[in-house]
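Participant: Sharing a structure below in structure tokens format, with a few things to ask.
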Amino acid sequence: MLVIMVLLVIMGILALATSSTPISLKLTNNPNFYLFHQILWGLIPGLVLGFVAFKIPLHSLKKLSFLIFVCAYILMLLVFVPALSKTEWGATRWLNLGFTSIQPAEILKLATIIYLAAILNNEKVRKRFSAFFIILILVCSALFLQKDMGTLIVIFSIMIAMFFCSKTPIKQTVAIILIAVVGFAGLILSEPYRLQRVTSFLHPETDTLGTSYHINQALISVGSGGLAGSGLGLSVQKFGFVPQSISDSIFAIFSEEVGFIGSSILVALFMGLFLSAVSVGKRLNDEYLRLIAIGIGSWFIVQALVNIGAMIGLLPLTGIPLPFMSYGGSHLMMELIACGFLLSISKHAKG
């Protein structure tokens, strides 16, 4: 598990180093600006806090889980305070701290996993179901107001995976999924830009210079990589062709440079991390720790597959980062903290 995590972090830094040079030069006149920013505000604090997470007695988290969730939720609400918020790419999802910015939704992912594991560890099934539904509504409401459909899908997937694995009746899981399908359909129809993304996904050949531009450029980038890729640093599409080439679309640039072989290795690493988390969960007697392991594993694999699926035309564009790879200190830091918890949990697994 640790080897996979280290490889993902190394690949992420290499991918950002090669993909960020053009935009760094253009916007800051420094070819390494975004790389150094990621290391300074994402990698270094993430490694430090990840080590702290590894050392924390895990059951102390259970006692503090409600407080952790409330604090994360308050941060989500502070995004709506104009004096504290920061808008990027037309979305207001960041808190401006002056020296840097953070995205509270990334903190909410881990906070929800920790709190939901404590709730689902309760033996009273009815109480678990009602509590789960309340948490789901609270989380979805905050993300809906931020218009962050991608994160909403990821957190919902994490929550439903944890709920399903908590030995609850299958009919409850099915009922929640059916309600969610109707809800997501309503959200898509309620906003024209969401409907455009679905239309572009279904018919990428139409309006290739407009609504379908992003997906077409991503497909060109992935396809240009061929079997072995053009070589690290030799992507053409990163020179202003693929939108958000260092964040949501970094997989397209990575695929162009390392090809099908390199991309397959990356997907295999994500799958390996997920299977390792599931394996640890199976070997735990502690239900609380088992649910946290499943939640973290689900987080990484769902977010990776949603991002990669969008870049190769299997899913609509959602605007979520690729774990360990995309530019953004908040998500990298929280992912490394989650890795610390996962490694700590693995110590309790039976051989």
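Participant: In contact with a helix residue (DSSP H, G or I) (Cβ under 9 Å, 6 or more places away or on another chain) and in contact (Cβ under 8 Å) with a residue 40 or more places away in the chain - does that describe any residue in region 83-90?
Facilitator: no
Participant: In addition: Anything in region 57-89 that is surrounded by 13 or more Cβ atoms within 10 Å (Cβ to Cβ) and either in contact with a Lys or Arg (Cβ under 8 Å, 6 or more places away or on another chain) or in a loop (DSSP other than H, G, I, E, B) (or both)? List them, or say none.
Facilitator: V79, L84
Rundown of residues vs (1) under 22 Å from V6 (Cβ atoms); (2) charged (D, E, K, R); (3) free of Cβ contacts under 8 Å to residues at least 24 places away in the same chain; (4) touching a Cys at 6+ places or on another chain (Cβ under 6 Å), yes/no style:
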site	(1), (2), (3), (4)
F241	no, no, no, no
E256	no, yes, no, no
L275	yes, no, yes, no
V280	yes, no, no, no
N307	yes, no, no, no
L317	no, no, no, no
L336	yes, no, no, no
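Participant: Another question about this same structure. Are any of the residues in region 273-289 crowded, with 23+ Cβ neighbours inside 10 Å, under 24 Å from L152 (Cβ atoms), at pLDDT 95 or above and not aliphatic (A, V, I, L, M)?
Facilitator: no
Participant: Collect the residues in region 323-333 that are assigned to a helix (DSSP H, G or I) and either touching a Phe, Trp or Tyr at 6+ places or on another chain (Cβ under 6 Å) or within 19 Å of S60 (Cβ to Cβ) (or both), keeping them in residue-number order. So that I can check it myself, show each step before the final result.
Facilitator: Of all residues in region 323-333, those assigned to a helix (DSSP H, G or I) come to 329-333.
Within region 323-333, just G329 meets the criteria.
Participant: Give me the residue from region 20-38 that is polar (S, T, N, Q) and more than 22 Å from L273 (Cβ to Cβ) and, out of that set, farthest from the chain's Cα centre (by Cα).
Facilitator: Start the filter on region 20-38 by keeping residues that are polar (S, T, N, Q), which leaves 20-21, 24, 28-30, 32, 38.
Then drop every residue that is not more than 22 Å from L273 (Cβ to Cβ), which leaves 20-21, 24, 28-30, 32.
Working: S20: 20, T21: 24, S24: 24, T28: 27, N29: 30, N30: 28, N32: 24 Å.
Once the filter is applied, the top-ranked residue is N29.
Participant: Which of the following residues is surrounded by fewer than 24 Cβ atoms within 10 Å (Cβ to Cβ), out of contact with any Lys or Arg (no Cβ under 6 Å at 6 or more places or on another chain) and part of a loop (DSSP other than H, G, I, E, B): G259, G340, G319? It would help to see each step written out before you state the result.
Facilitator: Working: G259 fails: part of a loop (DSSP other than H, G, I, E, B); G340 fails: part of a loop (DSSP other than H, G, I, E, B).
Unique residue meeting the criteria: G319.
Participant: Taking only pairs six or more apart or across chains, which ones have beta-carbon atoms under 7 Å, a first residue in region 91-111 that is without any contact (Cβ under 8 Å) to a residue 40 or more places away in the chain and polar (S, T, N, Q), and a second residue that is exposed (fewer than 15 other Cβ atoms within 10 Å of the Cβ) and part of a loop (DSSP other than H, G, I, E, B)?
Facilitator: N96/L84
Participant: Quick check on I179: is it in contact (Cβ under 8 Å) with a residue 12 or more places away in the chain, of a type in the set (A, V, I, L, M) and either on the phi < 0 side of the Ramachandran plot or not in a helix (DSSP H, G or I) (or both)?
Facilitator: Details: in contact (Cβ under 8 Å) with a residue 12 or more places away in the chain: no; of a type in the set (A, V, I, L, M): yes; either on the phi < 0 side of the Ramachandran plot or not in a helix (DSSP H, G or I) (or both): yes.
So I179 fails the test.
Participant: I would also like to ask the following. Restricting to region 334-351, count the residues that are of a type in the set (S, T, N, Q) and touching a Phe, Trp or Tyr at 6+ places or on another chain (Cβ under 8 Å).
Facilitator: Residues of region 334-351 of a type in the set (S, T, N, Q): 344, 346.
Narrowing further to those that are touching a Phe, Trp or Tyr at 6+ places or on another chain (Cβ under 8 Å): 344.
Of the residues in that region, 1 qualify.
The values are calculated or read from the model by the stated rules, or taken from the named source; none is laboratory data. Fair warning: this is a prediction, and the values are worked out from it, not measured in the lab. Glycine gets a Cβ as well: all are built from the backbone with ideal geometry, and neighbour counts include every protein chain shown.
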